[in-house]
Amino acid sequence: MDRRGFMLGAGLALPALAALPSAAWAAGDAVLRDVIENGPRAPADKARDVWRHPEASLLFWGLKPGMTVIDVSPGSGWWTDILAPYLARTGGHYIAAGADLANPKLSDGARKDRAAFEAKYTGHPQLYGDVTVVGFGRTSGPLAPLGSVDLVLISREVHNWVEDSFVDKAFTDFHAALKPRGVLAIEDHRAPAGADPKKGDGYIPESYVIDHAKADGFVLAAVSEINANPNDTKDYPFGVWTLPPTRRSAPGGQPPNPAFDHAKYDAIGESDRMTLKFEKA
């Protein structure tokens with residue numbers, strides 16, 4: 001397979017993404033393009049489009065009007081500000097899989113983050129639609145009624161789940177929620193082939209993600225290099241978080257180092273990322 005292009009389940013390769021004219025994407029979904037360009041997005045979030053390619057990524061994963069979508073661990077809402085308005089305008093439903101409030105071990109910080117997310121996105125149906133927030137974690141229950149979801153998006157989260165076999169619990173939850181042929185969309189920091197997934201630097205091998213998804217009932221439908229960055233050498237003092245947007249300058253939990261020189265890391269840009277599309281078998 002030419003890794004610059006797509007890989008389909010049947011083994012058929014399509015042209016490389018870079019070879020497709022921009023008009024092909026522009027014609028893909030006018031509402032999506034309008035939300036990305038004119039929706040309720042912060043300027044700082046828009047500035048990251050050069051690295052995160054939201055339109056191309058979502059079209060690759062197969063986002064369509066009227067879908068029910070689960071956004072896993074949405075954080076401050078980078079994807080929410082695209083997906084929720086889009087789904088509201090097209091008759092779909094946005095579900096955020098956030099902190100599991102039923103978990104007695106949940107940190108105060110996680111509870112505050114979920115409360116802030118709900119305050120921002122729920123109760124504003126004209127802009128975001130009927131946003132639902134469900135608990136997701138190591139002991140959480142179903143994320144949605146069985147077989148009711150069209151697409152599950154996991155953005156830069158799988159590398160956090162490698163301990164204690166949580167990745168399999170998570171993938172099983174997603175499989176149960178998805179409809180037959182429903183899509184599991186994954187973007188994550190890509191480690192070199194053969195790297196230890198438990199290294200703790202934020203990078204994870206693509207093969208690790210693929211093998212676990214297949215073991216949990218998914219079929220690899222397509223692979224894209226939309227979010228690749230060949231300048232990412234993946235050997236930084238504070239892991240992937242040395243790069244933008246985190247720009248860490250000291251070990252985790254320690255105050256920033258004002259003398260740290262960010263210049264060469266900023267020049268690299270954001271991380272090299274795998275972009276994978278699975279379907280529920």
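In segment 196-272, if the dipole is taken from +1 on Lys/Arg beta carbons and -1 on Asp/Glu beta carbons about the Cα centre, which of 220, 205, 242 is farthest to the positive end?
Value computed over the given set: 242.
For the chain, give the magnitude of the charge dipole about the Cα centre (Cβ charges: +1 Lys/Arg, -1 Asp/Glu; no others), in debye to the nearest 20.
With only Lys, Arg, Asp and Glu charged at Cβ, the dipole is about 180 debye.
Work out the FRET efficiency for residue 198 and residue 146 from their Cβ-Cβ distance, taking R0 = 41 Å, and round it to the nearest 0.05. Intermediate values should be presented prior to the final figure.
On the way: r = 32 Å, r/R0 = 0.78.
About 0.80, to the nearest 0.05.
At 0.36 nm per residue, and after removing the present C-alpha to C-alpha distance, how many nm does the segment from residue 115 to residue 266 gain when stretched out fully?
Length gained between residue 115 and residue 266: 51.1 nm.
About the Cα centre of segment 184-281, how large is the charge dipole given +1 on each Lys and Arg Cβ and -1 on each Asp and Glu Cβ? Please answer in debye to the nearest 20.
160 debye
Which lysines, if any, have their Cα less than 20 Å from the Cα of residue 105, not counting same-chain residues under 8 positions apart?
169
If packing is taken as the mean number of other Cβ atoms within 10 Å per residue, what is the order of 230-241, 201-212, highest first?
In descending order of packing, they fall as 201-212, 230-241.
At 0.36 nm per residue, and after removing the present C-alpha to C-alpha distance, how many nm does the segment from residue 231 to residue 47 gain when stretched out fully?
Result: 64.3 nm gained on full extension.
Antiparallel versus total DSSP beta bridges in the chain: what percent is that, nearest 5?
Values: 15 of 37 bridges.
Looking only at bridges with both residues in the chain, the antiparallel portion is about 40 percent.
What 222 nm value per residue comes from the helices of the chain, counting each DSSP H run with n ≥ 4 as -39,500 (n - 2.57) and dividing by all residues, nearest 500 deg cm²/dmol?
That comes out to -8500 deg cm²/dmol.
Rounding to the nearest 20 debye, state how big the charge dipole of segment 54-188 is about its Cα centre with +1 on each Lys and Arg Cβ and -1 on each Asp and Glu Cβ. Walk me through the numbers on the way to the answer.
Numbers: 12 positive and 16 negative charges, 59 e Å.
Computed charge dipole of segment 54-188: roughly 280 debye.
Considering only Cα-Cα distances, which of the following residue pairs are longer than 28 Å: 199/264; 64/112; 46/280; 120/234; 46/112?
Over 28 Å apart, Cα to Cα: 64/112; 46/280; 120/234.
For segment 89-144, just run the numbers: alpha carbon Rg, then divide by 2.2 N^0.38 Å, N being how many residues it has. Write out the running numbers ahead of the final one.
Working: Rg = 12.3 Å, N = 56, 2.2 N^0.38 = 10.2 Å.
Cα Rg divided by the expected 2.2 N^0.38 Å: 1.21.
I'd like to compare 30-36, 258-264, 112-118: which one has the highest average count of other Cβ atoms within 10 Å, and what's the full order after that? All intermediate terms of the calculation are to be shown ahead of the outcome.
Numbers: 30-36: 17.0, 258-264: 9.1, 112-118: 15.3.
Highest to lowest by the protection proxy: 30-36, 112-118, 258-264.
Every number here is computed from the coordinates shown, using simple stated rules; none is lab data. What you see is a predicted model; the values in this text were computed from it and never measured. Please note: Cβ atoms are built from the backbone with ideal geometry, for glycine as well, and neighbour counts cover all protein chains shown.
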